[in-house]
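Participant: Dropping a structure here in structure tokens format, bear with me for questions.
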Amino acid sequence: MSAGRARVWSGREWIEAPVASMTGESLVVPNIAAIVLWDDAGSAILLQRRDKPEVVRGLLEIPTGRWRAGETPAQALRREVAEETGLEVLSIAGEGRRSEVHPHWPVWAASPAAVVVGAEGAYPALLVTFVCVAPGEPRALPGETADPRWYSRDQVLALLRTEPRSFTAVAYAALASWLGI
């Protein structure tokens, strides 16, 4: 596997970015994303700001990261939420289970939402998005995330409607779809 370069929409502008490739073909690396709730009732939603030196720095986002080989969906989600926020995931909606039809194959069935960004560009990204519960006081991960905090559902809805460009494209798509706007 090697890295190539592709034209990618950042949410603000087109940029040239490195992309994974194999035999000259750009690859889509699956990512995992979390809509993190304080409780089962969804009384608060976690948002954080991007803190990487990229064009999306400072935009609101949800915990998101690369899905590592060998991880189940739940393991990947729990790891990403813990890495970016310090929170422990208590439950995951649609978590899924290992296939009972082929118990010897590592096949998992889950009920996530899929968000695809950059489909019109050279490098689309697939985010497998789950809703989870992880109460507590989030902490930032400098160089990755900043200002993680809880917002009420009404606050998130208002921000999505009045300030959509304050979100990363992925966070906007996932939250707008989940909240039905």
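Participant: Got a sec to turn the phi values of the range 70-85 into Karplus ³J(HN,Hα) couplings, 6.51 cos²θ - 1.76 cosθ + 1.60 with θ = phi - 60°, whole Hz, x for Gly and Pro?
Facilitator: Couplings: x, 9, 6, x, 5, 5, 4, 5, 4, 5, 4, 4, 5, 4, 7, 10 Hz.
Participant: Related question: What nm distance separates the two modelled labels at V29 and A69, each placed 7 Å from Cα along Cα→Cβ?
Facilitator: In this crude label model, V29 to A69 measures out at 1.3 nm.
Participant: Quick one: which residues, 5+ away or cross-chain, put their amide H under 5 Å from the amide H of W67? H built at 1.01 Å from N.
Facilitator: N31, I32
Participant: Determine, for each peptide in 29-35, 86-92, 173-179, 137-143, the mean count of other beta carbons within 10 angstrom over its residues, then list the peptides with the highest first.
Facilitator: 29-35, 173-179, 86-92, 137-143
Participant: While we're looking at this one, here's another question. Where in the range 67-87 does the amide nitrogen come within less than 18 Å of the point 7 Å from the Cα of D147, taken along Cα to Cβ?
Facilitator: In the range 67-87, the label zone of D147 (backbone N under 18 Å from the point 7 Å along Cα→Cβ) covers 85.
Participant: What spacing in nm lies between the two simple spin-label points modelled at E163 and A41, each 7 Å away from Cα in the Cβ direction?
Facilitator: 2.6
Rule-based calculations on the coordinates, nothing more; no lab input. If you're wondering where the values come from, they're calculated on a predicted model, not measured in any experiment. Note: ideal-geometry Cβ built from the backbone for every residue, glycine included; neighbour counts use all protein chains shown.
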